[in-house]
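Visitor: Input: one structure, supplied below.
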């Protein structure tokens, strides 16, 4: 198995069109915080033009790459990013260009679905902790106060 396979597995990326080269990981300081940046490449042959809908043929040409920095879930408690070089294509039918898309992130978005899910899960856990603390306090507090009052009663 290739290192691309294991890196996709580590980052929970299901898109097999994303590959990683030999020097795919960089540890950097961003805003004074140690972060990991994984470097991947997204390339595949599209089925049609995203602008005009024409099926892929000889009038389609590769047209460079566009790199996007995508926020992905933390690795070893470090902020983690995926610098994804996405293949661009030129359509000779409508004279427009388009960038390939991936299932890990919405179009024109830089926060991965997994990161959004992790944020929602963390917010839910914090909310449940607050609610349970309030509930426990409201259940225990009156009984403690009544116990203390009972103990202080003189016959």
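The values are calculated or read from the model by the stated rules, or taken from the named source; none is laboratory data. As the structure is a computational prediction, the values presented were derived from the model and not from experiment. Methodologically, a virtual Cβ is constructed for each residue, glycine included, from the backbone with ideal geometry; neighbour enumeration extends over all protein chains shown.
Visitor: Among what's in the range 88-107 and is out of contact with any strand residue (DSSP E or B) (no Cβ under 6 Å at 6 or more places or on another chain) and closer than 22 Å to residue 8 by Cα, pick the residue that is surrounded by the fewest Cβ atoms within 10 Å (Cβ to Cβ).
Guide: 107
Visitor: Kindly check whether there is at least one residue in the range 84-97 that is touching a residue at least 12 places away in the same chain (Cβ under 8 Å) and under 29 Å from residue 122 (Cα atoms).
Guide: Yes, the conditions are met somewhere in the range 84-97.
Visitor: Just checking, which of 12, 17, 31 is in contact (Cβ under 8 Å) with a residue 60 or more places away in the chain and on the phi > 0 side of the Ramachandran plot?
Guide: Going through 12, 17, 31 in turn, just one is in contact (Cβ under 8 Å) with a residue 60 or more places away in the chain and on the phi > 0 side of the Ramachandran plot: 12.
Visitor: Being modelled with pLDDT under 90, in a helix (DSSP H, G or I) and out of contact with any strand residue (DSSP E or B) (no Cβ under 7 Å at 6 or more places or on another chain) is the requirement here; does residue 126 meet it?
Guide: Details: modelled with pLDDT under 90: yes; in a helix (DSSP H, G or I): yes; out of contact with any strand residue (DSSP E or B) (no Cβ under 7 Å at 6 or more places or on another chain): yes.
The answer is yes for residue 126.
Visitor: Is it the case that some residue within the range 47-62 is in the same structural domain as residue 36 (by TED's automatic domain parsing), under 26 Å from the mean Cα position of the chain (by Cα) and surrounded by 12 or more Cβ atoms within 10 Å (Cβ to Cβ)?
Guide: Yes, there is a match, as at least one residue in the range 47-62 is in the same structural domain as residue 36 (by TED's automatic domain parsing), under 26 Å from the mean Cα position of the chain (by Cα) and surrounded by 12 or more Cβ atoms within 10 Å (Cβ to Cβ).
Visitor: For the range 93-114, which residues satisfy the criterion of being outside any loop (DSSP other than H, G, I, E, B) and closer than 18 Å to residue 46 by Cα?
Guide: Keep residues of the range 93-114 that are outside any loop (DSSP other than H, G, I, E, B), which gives 96-99, 111, 113-114.
Answer for the range 93-114, where residues must be outside any loop (DSSP other than H, G, I, E, B) and closer than 18 Å to residue 46 by Cα: 96, 97, 98, 99.
Visitor: If I go through the range 1-18 residue by residue, how many of them are over 16 Å from residue 105 (Cα atoms) and crowded, with 17+ Cβ neighbours inside 10 Å?
Guide: 2
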